[in-house]
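Here's the structure, in structure tokens; my notes come after.
Here, each number is a calculation from the coordinates, and none is a lab measurement. This structure is a prediction, so every number in the text was calculated from the model and none was measured. In this analysis, Cβ positions are derived from the backbone assuming ideal geometry, glycine residues included, and neighbour counts consider all displayed protein chains.
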Amino acid sequence: MVSVHIVGAGIGGLSAALALAAKGSQVSIHERASKLTEVGAGIQLGPNAFRAFELLGIQQEMERIAFAPDALVLLDSPSGVEICRQELGEPFFQRFGYPYRVGYRADVHAVLLQALGRYRDQITLHLGSEIRGVHQDAQGVTLTDASGQSLHGDALIGADGLWSAVRTALWADGPPRVSGHIAFRAVLPVEAVPPALLTDQVQVWVGPDHHLVCYKLRAGALFNVVAIFHSSRSVQGWDHTGDPSELARAFESACPAVQQLLQQVDAWRMWVLCDRNPTPQWSVGRVTLLGDAAHPTLPYLAQGACMAIEDAITLAQCLDGRPDRVAAAFEAFERLRQPRTAHVQEASRQMGAINHATGAAREARKPQPCRPRSARLRVDCVALRLGAARPGRSVPDAGVLGTRRARAVNPPSCPEGGSGSL
Ligand SMILES: Cc1cc2nc3c(=O)[nH]c(=O)nc-3n(C[C@H](O)[C@H](O)[C@H](O)COP(=O)(O)OP(=O)(O)OC[C@H]3O[C@@H](n4cnc5c(N)ncnc54)[C@H](O)[C@@H]3O)c2cc1C
């Protein structure tokens, strides 16, 4: 049995723990927070996430806590004109094989945490355990926590997010890239939402140097609001209060309904958006990275957490519970995942540019049904947001988790010894 330490109990770390335990590993999760409280916010979960949830045996639980939007709609924020839409009903389900849902982050975490209970003998969660040091040799890995305690194991996974200490220990490749965009987040009771915006859709209002994403949560009782705009700020984490006057300036060209929604929020949480250029290598010997630690991604395709969940499945399949092939398994994991996550990192940046277009680019983005180029752009926007197809292709890639077609073409398995089931 392989003994694996995971640093970080975010969506990536918890998914990895479940996937590894299902393959027979002994798992210790180390989370620096003393209490697991996810910031109050929503999350979009594409069909690829639901494919992974099925493999983890938590699809039904995730369906129960999620809200089912009926469409994903891109709207021009100054004029209110609809640019394009993707219906998310039965034809979508038939095409991708799994649903598109949105959820409250705390609920998603609760499902993952509860599922840990199925592996009581295999998974241990250590809260208040901040990992500061990593060492490895031919026999195994040694972690040092903030109290100076040493912990040993066969393998280590850094699922410790954007500002990963494990990444720094491996590569020391500097801090993430500050994108120049910041996000303000809030969750409102639906009663506070202007009627024009109270729909069952995921709405993405795009305008010059800003955009707004909003959708219902928790059986429609809550409304998630994320406002993103250009800014030169640079601070870490969600523990910052957003300044409403800065937001109002950024959205001054938005239509009245959008401005009215923003005015309903009393307290904004602020996050400086960062990513990295894709890197070819995440693993060194018995240590690897997963999720934002490996491939931090701007949120414009709503795929960062979905990628972390996909990583978890592929990693467990590559490791396959075998202590004798940890380094080879991590190399195989990286080779399988790097092209797809790199594509999503780059496509997310492109989507940011499309969302925030000004001048002629904004005009070109508007719906012009008589022009085939414009029609193709609209299709590509939707495909990009779904994270299930390359730009310019309507057919999902082979090897992509999350489509029945892809599953038939190329099951998510590790070709070098690991097995494809969980
Ligand atoms: C505004 C916004 C909206 C987004 N919307 C979506 C969306 O709709 N859909 C989607 O798929 N993605 C979305 N994302 C991206 C998504 O939130 C991230 O990609 C995802 O949370 C990454 O998960 P993770 O587990 O890799 O890292 P994290 O969630 O960052 O978890 C890392 C964990 O490691 C812990 N940790 C850090 N350092 C240490 C240490 N030294 N020792 C111990 N523990 C440590 C942290 O406390 C944390 O709990 C969005 C991101 C943003 C900013």
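For a quick protection proxy, order the peptides 112-119, 291-298, 51-58 by their average other-Cβ count within 10 Å, most packed first.
Details: 112-119: 16.1, 291-298: 27.1, 51-58: 22.1.
Those peptides, ordered most packed to least, come out 291-298, 51-58, 112-119.
For Met307, what is the net charge nearby, where nearby means another residue's Cβ is under 10 Å from its Cβ and Lys, Arg count +1, Asp, Glu -1? Before the final figure, lay out the partial values.
Working: positive: Arg337, Arg340; negative: Asp292, Glu310, Asp311.
Summing Lys and Arg as +1 and Asp and Glu as -1 gives -1.
Work out from phi, with θ = phi - 60° and the Karplus expression 6.51 cos²θ - 1.76 cosθ + 1.60, the ³J(HN,Hα) of each residue of segment 135-152, listed in order in whole Hz, and give x for Gly and Pro.
Coupling constants for segment 135-152: 9, 9, 8, 4, 7, x, 10, 10, 10, 10, 9, 4, 8, x, 6, 9, 10, 10 Hz.
Taking the Cα atoms of segment 226-299, report the difference between the largest and smallest coordinate on each principal axis, in whole Å and largest first.
For segment 226-299, the Cα spread along each principal axis is 54, 23, 20 Å.
Which whole-number percent gives the relative contact order of the chain, counting Cα pairs below 8 Å spaced six or more residues apart? Numbers along the way, then the final one.
On the way: 936 pairs, mean separation 89.6, N = 422.
Reported relative contact order: 21 percent.
Can you tell me, using C-alpha contacts under 8 Å and at least 6 residues apart, the relative contact order of segment 160-294 as a whole percent?
Details: 213 pairs, mean separation 47.3, N = 135.
This gives 35 percent for segment 160-294.
Over the Cα atoms of segment 1-135, what Rg and Dmax result, in angstrom?
Spelled out, the Cα radius of gyration and Dmax of segment 1-135 are 17.9, 60 Å.
How far is it, in nm, from the label point at Lys35 to the one at Arg335 when both lie 7 Å from their Cα along the line to the Cβ?
For the pair Lys35/Arg335, the computed spacing is 4.7 nm.
Going highest first, how would you order 202-210, 176-184 by mean Cβ packing within 10 Å? Numbers along the way, then the final one.
Numbers: 202-210: 23.0, 176-184: 19.7.
Output ranking for 202-210, 176-184: 202-210, 176-184.
The chain: D in µm²/s via Stokes-Einstein (Kirkwood Rh, Cα pairs, 20 °C, 1.002 mPa s)?
Values: Rh = 21.8 Å.
The diffusion coefficient I find is 98 µm²/s.
Have a look at the DSSP beta bridges in the chain and tell me what percent are antiparallel, nearest 5.
Working: 52 of 75 bridges.
Antiparallel: roughly 70 percent of the beta bridges in the chain.
Under the classification rounded if a/c is under 1.5, otherwise prolate if a/b is larger than b/c and oblate if not, where does segment 1-67 fall, given a ≥ b ≥ c as square roots of the Cα gyration tensor eigenvalues? Could you put the intermediate results ahead of the total?
Working: a/c = 2.68, a/b = 1.24, b/c = 2.16.
Here segment 1-67 falls in the oblate category.
Which FRET efficiency value, to the nearest 0.05, is calculated for Asp324 and Trp163 with the Förster distance at 35 angstrom and r the Cβ-Cβ distance? Don't skip to the end; give the middle numbers.
Details: r = 33 Å, r/R0 = 0.94.
Computed FRET efficiency for Asp324 and Trp163 comes out at 0.60.
Please give the Cα centre distance for segment 62-80 versus segment 248-324, rounded to the nearest Å.
Segment 62-80 and segment 248-324 have Cα centres separated by 19 Å.
For segment 70-195, state the semi-axes of the equivalent ellipsoid (square roots of 5 times the eigenvalues of the alpha-carbon gyration tensor), sorted largest first and rounded to whole angstrom.
Numbers: eigenvalues 331, 95, 57 Å².
Equivalent ellipsoid semi-axes, largest first: 41, 22, 17 Å.
Running Debye on segment 258-348 with equal point scatterers at the Cα sites and no solvent, what base-10 log of I(q)/I(0) appears at q = 0.22 Å⁻¹?
Rounded to two decimals, the profile gives -1.03.
Around Ala66, under 12 Å between beta carbons, what's the net of Lys plus Arg minus Asp minus Glu among the other residues? It would help to have the intermediate numbers written out before the result.
Working: positive: Arg64, Arg101, Arg105, Lys216, Arg218; negative: Glu61, Glu63, Asp107.
Net charge around Ala66: +2.
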